[in-house]
Amino acid sequence: MLAVLKIALGFIFVIASLGKIIDPAGFARDVYSYFILPSALVGLFAAVVPWIEFTAGLLLMLDIFPKSSALIILGLLVAFIIAIYIDVHRGIEISCGCFDFLFPKETIGWNTIWRDIIMFAMGLPVLFFDGNRINVYGLINKEK
């Protein structure tokens, strides 16, 4: 069961990162439209976060330091849920910036909050019940 969760959640984060990596300026516009981060930090956030998503997702899929990868992904999800909630509460209807590669016209709403909560729930068993090792599903087993 943990393997399925790791592969699924890791895959989701790798896919979500691709559009942001390919079009960092577009992702920066999406981030800016939330009106949460100071303008000076938007570019840095848009340049760094997609690579964190990609790396954590890939490592989770490959079963390399899954507990650490899950912790990073869960932290990102908490930030995303809070940011989306703030703008939903404000009544602002903007592009999610979540999966622009696949769904460029997706807007934020309760559906995106619930989706992120479900992904958060997927990561909890990995965080609490998996080890933090380089395992690669039994091919390599190095405790760290």
(message) Given the criterion touching a Phe, Trp or Tyr at 6+ places or on another chain (Cβ under 6 Å), among the acidic types (Asp, Glu) and at pLDDT below 95, identify the matching residue among 30, 63.
(response) 63
(request) For segment 26-38, state whether one or more residues are touching a Leu at 6+ places or on another chain (Cβ under 7 Å) and in a helix (DSSP H, G or I). (result) yes
(message) Given the options 97, 131, name the one that is modelled with pLDDT under 90, surrounded by fewer than 19 Cβ atoms within 10 Å (Cβ to Cβ) and not in a helix (DSSP H, G or I).
(response) 131
(request) Within segment 72-94, work out how many residues are closer than 17 Å to residue 123 by Cβ and surrounded by fewer than 16 Cβ atoms within 10 Å (Cβ to Cβ). (result) 4
(request) Kindly list, by first and then second residue, each pair from a residue in segment 100-122 that is under 18 Å from residue 88 (Cα atoms) to a residue that is exposed (fewer than 14 other Cβ atoms within 10 Å of the Cβ), limited to pairs with Cβ atoms under 7 Å and residues at least 6 apart or on different chains. (result) 107/93
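How many residues are outside any loop (DSSP other than H, G, I, E, B) and either of a type in the set (Ser, Thr, Tyr) or over 23 Å from residue 8 (Cβ atoms) (or both) when one looks only at segment 100-116?
Quick first cut of segment 100-116, residues outside any loop (DSSP other than H, G, I, E, B) only: 107, 110-116.
Adding the requirement that they be either of a type in the set (Ser, Thr, Tyr) or over 23 Å from residue 8 (Cβ atoms) (or both) leaves 107, 112.
Of the residues in that region, 2 qualify.
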(message) Which condition from (1) crowded, with 20+ Cβ neighbours inside 10 Å; (2) over 19 Å from residue 82 (Cα atoms); (3) out of contact with any Phe, Trp or Tyr (no Cβ under 6 Å at 6 or more places or on another chain) is the one that residue 57 breaks?
(response) (3)
(request) Considering only segment 20-75, state which residues are among the aromatic types (Phe, Trp, Tyr) and within 11 Å of the chain's Cα centre (by Cα). (result) 51, 54
(message) Looking at segment 48-73, I want the residues that are in a helix (DSSP H, G or I) and have a partner that is of a type in the set (Phe, Trp, Tyr) and surrounded by 17 or more Cβ atoms within 10 Å (Cβ to Cβ) with Cβ atoms under 8 Å, at least 6 apart or on another chain. Which pairs are those?
(response) 50/27; 53/13; 54/13; 56/13; 57/13; 59/65; 60/13; 73/13
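Any idea which residue in segment 1-15 is surrounded by the fewest Cβ atoms within 10 Å (Cβ to Cβ), counting only those that are in contact with an Asp or Glu (Cβ under 8 Å, 6 or more places away or on another chain) and modelled with pLDDT of 95 or more? Steps first, answer last, please.
Quick first cut of segment 1-15, residues in contact with an Asp or Glu (Cβ under 8 Å, 6 or more places away or on another chain) only: 2-3, 6, 13-14.
Now drop any that are not modelled with pLDDT of 95 or more, which leaves 6, 13-14.
Numbers: 6: 25, 13: 27, 14: 17.
So the residue we want is 14.
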(request) Looking only at segment 29-44, count how many residues are of a type in the set (Phe, Trp, Tyr) and surrounded by 15 or more Cβ atoms within 10 Å (Cβ to Cβ). (result) 2
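The values are calculated or read from the model by the stated rules, or taken from the named source; none is laboratory data. Here the structure is a predicted model, which means the values were calculated and not measured. Methodologically, a virtual Cβ is constructed for each residue, glycine included, from the backbone with ideal geometry; neighbour enumeration extends over all protein chains shown.
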